[in-house]
Amino acid sequence: MCDMSDLWDRVYTYGECGLSTETINEVLDIIEKQESKKIDIYDYGKAHCPICKTDIHGIGKIKFCFICGQKLEW
C-alpha cells in the first residue's frame, strides 16, 4: 500500500498533466477519508463521526461513516 503523502504527490502530478482543479480536490478528499479519524465518544455513550458529526450506532463495529464515508478509528 502506498504512503498517503506519496498519493498526494501523485495527484498533484496528474494535475500538472491536465486534470481540473475540481477533479484534483475531489480525489484529495477521497484520499483524506481513507485516513482513519478518531471517533468522538461522549460521556453519555453516544459516538459521533469526527467529520460530519453524525451519530454512530454499533460502537466499535462500524468502520466507515454511513453519511460522509470517513474511515473511523475506535
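The values are calculated or read from the model by the stated rules, or taken from the named source; none is laboratory data. The model shown is predicted, which means the values in this text are computed figures rather than measured ones.
Taking the conditions (1) at pLDDT 80 or above; (2) within 17 Å of the chain's Cα centre (by Cα) in turn, His57 satisfies each one other than (2). Check region 61-74 and report whether any residue there is of a type outside the set (Asp, Glu) and at pLDDT below 80. No, every residue in region 61-74 fails to be of a type outside the set (Asp, Glu) and at pLDDT below 80.
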